[in-house]
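Trainee: What follows is a single structure, and I will ask about it in a moment.
The values are calculated or read from the model by the stated rules, or taken from the named source; none is laboratory data. Remember, predicted model here, so these are calculated numbers, not experimental data. Cβ: placed from backbone, ideal geometry, glycine included. Neighbour counts: every protein chain shown. Please note that ligands, DNA and RNA were not included when accessible areas were found on the heavy atoms of the full protein model with its side chains. Shrake-Rupley method; radii C 1.70, N 1.55, O 1.52, S 1.80 Å.
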Amino acid sequence: MELQAVPEEVLADAALIRYLADVARDTALLNGVLMRTEEEPNSSELVTYAPFTLFPTAVPRGVFEQALAVQTHYNLLVDKISQDTQFLEEALASTAESDDFTGRLFNIYRQTTKEGRSQPIVLGLNRSDYMLDQREDGPAALKQIEINTIAASFGGLASHTPHLHRHVLNVAGLRDHSRRILDNNPAAGLARGLAKAWELYGSERAVVMFLVEDVQRNIMDHRRVENELWSRNIPTIRRRFEDVSLDQDKRLFVDGQEVAVVYFRNGYMPQNYPTEQSWEARLLMERSLAIKCPDIGTHLAGTKKVQQVLARPGVLERFFPDRPQVVQQIRDTFAGLYTLDQGPEGDQTVAMAMANPDQFVLKPQREGGGNNIYGSEICQVLEGVKGNSKRMAYILMDKIQAGASQNYLLRRGAPLQLSKCLSELGVFGVYVRQGTDMVMNECVGHLLRTKSSEHADGGVAAGVAVLDNPLLV
Ligand code: ADP
Ligand code: MG
Ligand code: MG
C-alpha cells in the first residue's frame, strides 16, 4: 500500500518546498517544538527546532485505532509483570548473568524484593512502539517494536506538532489534509499521572523530582510536563543521580525537600551510571518511600528479553487467565521473537538467523537507539557468541517490512532533500496503582517518528528519526 499523505506534485515542487520549509521552521519555533543544540546542550541561550518532517505521514485508521485500543491492556500487563517475582526471575536470570547492565538492575530488584517494598503506590508512564508490517499486497499489520517503561520521551513535544503540520498543510493549500491531523496531548496525560501519584503520596510540600541526565538537549520535552505540574501547584525539581540522599525513616530528601515522586528521565543505559555512586543512588531511591516512575520491576518488565518471553505460547495467559480477548488483542501485535538461551531452541534460532540474516534484527538489552544489529553483522556477532553464554544477552526478532513513504526531514544544518522514509508509531500509556487498586489506567496520546530508510536504527534523540504526525487514511 502506498502511504503518501500529500500529492506527488507538491513533493516535486522545489520552490514550494523551500518556501514551506521556511514556514515550517518558524512555526516550530512559534509552537515551542524546540531542542537545545549540540554546541550548548545545557543552556537555552541557543535553541533550535526539534527535527521534524515537513509533512505528516499517512497511517491506516484501523491499525492506528488498534494501537490505541490495546494500550490499557499493555499497561496492565507491564504492571502485572512488575509484581511477578517468579516470572521475572525465570525470564531474566540467564540474561542477567550474561549482560552486566541487566545484571545490576536485576540485583537491585532482588535485593529490594527481599527487603520488601516500602511504597505500595506505583506510577507507570510507558510508550509502546509499533511499525506496520507490509507483506506483499496484504493489509498493513500492527507489530510492536518494543515497549519503553523508563524515560519514554517526546510526549511533551508531540503535544505541539499537530499545530505545526496543520499550518504547513494550510499554507500548501491542502486544507482538507490539515483538518485530518489529530489533536494530541500526551504531556497533559503524563502530567495527570504524575499529579495523581503525587496526590496519593499525601504531602503538599513534597516535590516531584525529574531525575535527569547530565546532557539535557531535550529539556523542552520535559518542561512541557513540568510546567503542567506547576500549573497544578505541584512543586517540581530537576536533579541528577549525585544529588539524592535518604533520611532515617526511608523518606527521600533532596536539598531539604521531601520527594513524593521520582520520575526517571535517566538511568536506562549503562553510560547513565558512570560511578558506583550512581548505582547506590538508584538503589537508595528504590528503597525509599518515594513513588518511583518506574520502580525497578517495571523497568525490567520493559526489557527486550521479557518481550521475547511474553511471545512464547501460553505466557500471556498467565497474566490474563480469564480474559482470552485481552490475550488475543495483545498477541496480535507481536512480531516473531526468538530465544538465544542455551539449549536446542537457542541453537535453532542461531541457525535460522545465520541462514537469512536480512529477515531479522538481533537485539541486546539496551535502550536509546543505535544498539541493534542487522544484516551480515548478525552473522559476525553470532559467530562470536553462539558457542558460549554471551549469546543470552541477546534476543532475535523478525524484521518488520514497513511500507516506505516520501518526505522531507527538517533538521538543523541538514540539506533539504526528498527521502524515502519509514515511520514508527508510539502510544503513551499511564497508570497508577495503589496496593491492589488500579486508580488510573489510560491511553493518553501518540507519537509518530519518521526516519530515512537508509538508517536501520535510531531514535530522535540519537539524531536519526524526526517528529511526525499521522494523517489517517
Ligand atoms: P531502543 O530501545 O534502542 O529504541 P528498539 O527496539 O526500539 O530499541 O529499536 C531501535 C530502532 O530499530 C527502532 O526504532 C526501529 O527503527 C528499528 N527496529 C527495531 N526492531 C525492529 C524490527 N523488528 N524490524 C525493523 N526495525 C526494527
Ligand atoms: Mg527502547
Ligand atoms: Mg525504541
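Trainee: Pick out the one residue from T27, T53, T57 that is among the hydroxyl-bearing types (S, T, Y), closer than 30 Å to Q329 by Cα and touching a residue at least 60 places away in the same chain (Cβ under 8 Å).
Mentor: Result of the check over T27, T53, T57: T57.
Trainee: Please work out which one of (1) closer than 30 Å to K292 by Cα; (2) away from ligand 1 (no atom under 16 Å from the Cβ); (3) out of contact with any strand residue (DSSP E or B) (no Cβ under 8 Å at 6 or more places or on another chain) is the condition G463 fails and give its number.
Mentor: (2)
Trainee: I've got another one for you. Please verify whether A393 is crowded, with 22+ Cβ neighbours inside 10 Å and either without any contact (Cβ under 8 Å) to a residue 24 or more places away in the chain or under 20 Å from L92 (Cα atoms) (or both), treating the condition exactly as stated.
Mentor: Judged against the criteria, A393 is a match.
Trainee: A further question follows. Answer yes or no as to whether V259 is open to solvent by less than 10 Å² (accessible area, probe 1.4 Å) and within 27 Å of V47 (Cβ to Cβ).
Mentor: No: the conditions fail for V259.
Trainee: Given (1) assigned to a strand (DSSP E or B); (2) buried (at least 21 other Cβ atoms within 10 Å of the Cβ), identify the lone condition not met by E146.
Mentor: (2)
Trainee: Shifting gears a bit: Look at R312 and say whether it is out of contact with any helix residue (DSSP H, G or I) (no Cβ under 7 Å at 6 or more places or on another chain) and among the basic types (K, R). Let's see the steps before the verdict.
Mentor: On the way: out of contact with any helix residue (DSSP H, G or I) (no Cβ under 7 Å at 6 or more places or on another chain): yes; among the basic types (K, R): yes.
So R312 fits the description; yes.
Trainee: For segment 311-332, enumerate the residues that are open to solvent by less than 10 Å² (accessible area, probe 1.4 Å), closer than 30 Å to S389 by Cβ and more than 23 Å from the chain's Cα centre (by Cα).
Mentor: none
Trainee: Related question: Are any residues in segment 161-170 in contact with a strand residue (DSSP E or B) (Cβ under 6 Å, 6 or more places away or on another chain) and open to solvent by 10 Å² or more (accessible area, probe 1.4 Å), and if so, which ones?
Mentor: Listed by number, the list holds a single entry, R166.
Trainee: Look through segment 206-239, keep the residues that are at pLDDT 95 or above and open to solvent by 80 Å² or more (accessible area, probe 1.4 Å), and return whichever of them is nearest to the chain's Cα centre (by Cα).
Mentor: R223
Trainee: Between a first residue in segment 199-210 that is assigned to a strand (DSSP E or B) and a second residue that is aromatic (F, W, Y), which pairs have beta carbons less than 9 Å apart while being 6 or more apart in sequence or on different chains?
Mentor: Hits for this filter: V207/W198; V208/W198; V208/Y263; M209/Y263; F210/Y263; F210/F264.
Trainee: Considering only segment 408-433, how many residues are in a strand (DSSP E or B) and over 14 Å from V464 (Cα atoms)?
Mentor: Matching residues across segment 408-433 total 10.
Trainee: Then there's this: Could you list all residues from segment 434-473 that are among the hydroxyl-bearing types (S, T, Y) and not in a loop (DSSP other than H, G, I, E, B)?
Mentor: Once the filter is applied, which keeps residues that are among the hydroxyl-bearing types (S, T, Y) and not in a loop (DSSP other than H, G, I, E, B), segment 434-473 yields T450, S452.
Trainee: Could you please tell me which pairs satisfy a Cβ distance under 6 Å, a separation of 6+ or placement on different chains, a first residue in segment 333-350 that is surrounded by fewer than 16 Cβ atoms within 10 Å (Cβ to Cβ), and a second residue that is modelled with pLDDT of 95 or more?
Mentor: G336/D398; E345/T339
Trainee: With the requirement that a residue be away from ligand 3 (no atom under 16 Å from the Cβ) and open to solvent by 10 Å² or more (accessible area, probe 1.4 Å), what does segment 446-471 give you?
Mentor: S452, S453, E454
Trainee: Just a yes or no: is a residue in segment 368-376 open to solvent by less than 10 Å² (accessible area, probe 1.4 Å) and modelled with pLDDT of 95 or more?
Mentor: no
Trainee: Select from segment 325-376 the residues that are within 16 Å of ligand 2 (Cβ to nearest atom) and small (G, A, S) and list them in ascending order.
Mentor: A335, G368, G369, G370
Trainee: Residues that are under 25 Å from A91 (Cα atoms) and either at pLDDT below 95 or among the charged types (D, E, K, R) (or both), at least 2 per element: which helices (runs of 4 or more DSSP H) completely within segment 248-361 meet that?
Mentor: 276-287, 304-310, 315-319, 344-355
Trainee: Inside segment 414-434, can you point out the residues that are open to solvent by less than 30 Å² (accessible area, probe 1.4 Å), more than 16 Å from ligand 2 (Cβ to nearest atom) and in contact (Cβ under 8 Å) with a residue 40 or more places away in the chain?
Mentor: Those that are open to solvent by less than 30 Å² (accessible area, probe 1.4 Å), more than 16 Å from ligand 2 (Cβ to nearest atom) and in contact (Cβ under 8 Å) with a residue 40 or more places away in the chain: C421, S423, V430, Y431, V432, R433.
Trainee: Further question on the same structure: Only one of G103, G156 is closer than 30 Å to K451 by Cβ, out of contact with any strand residue (DSSP E or B) (no Cβ under 8 Å at 6 or more places or on another chain) and modelled with pLDDT of 95 or more. Can you tell me which? Reasoning before the result, please.
Mentor: Numbers: G103 fails: closer than 30 Å to K451 by Cβ.
Answer to the selection: G156.
Trainee: Okay, next question. So which of A141, A158 is within 16 Å of ligand 1 (Cβ to nearest atom), open to solvent by 30 Å² or more (accessible area, probe 1.4 Å) and touching a residue at least 24 places away in the same chain (Cβ under 8 Å)?
Mentor: A141
Trainee: Which residues, taken from segment 424-439, are touching an Asp or Glu at 6+ places or on another chain (Cβ under 6 Å) and within 16 Å of ligand 1 (Cβ to nearest atom)?
Mentor: Within segment 424-439, E424, G426 meet the criteria.
Trainee: Next question. Before we move on, is G387 at pLDDT below 95, on the phi < 0 side of the Ramachandran plot and in a loop (DSSP other than H, G, I, E, B)? Reasoning before the result, please.
Mentor: Details: at pLDDT below 95: yes; on the phi < 0 side of the Ramachandran plot: yes; in a loop (DSSP other than H, G, I, E, B): yes.
Answer is yes for this residue.
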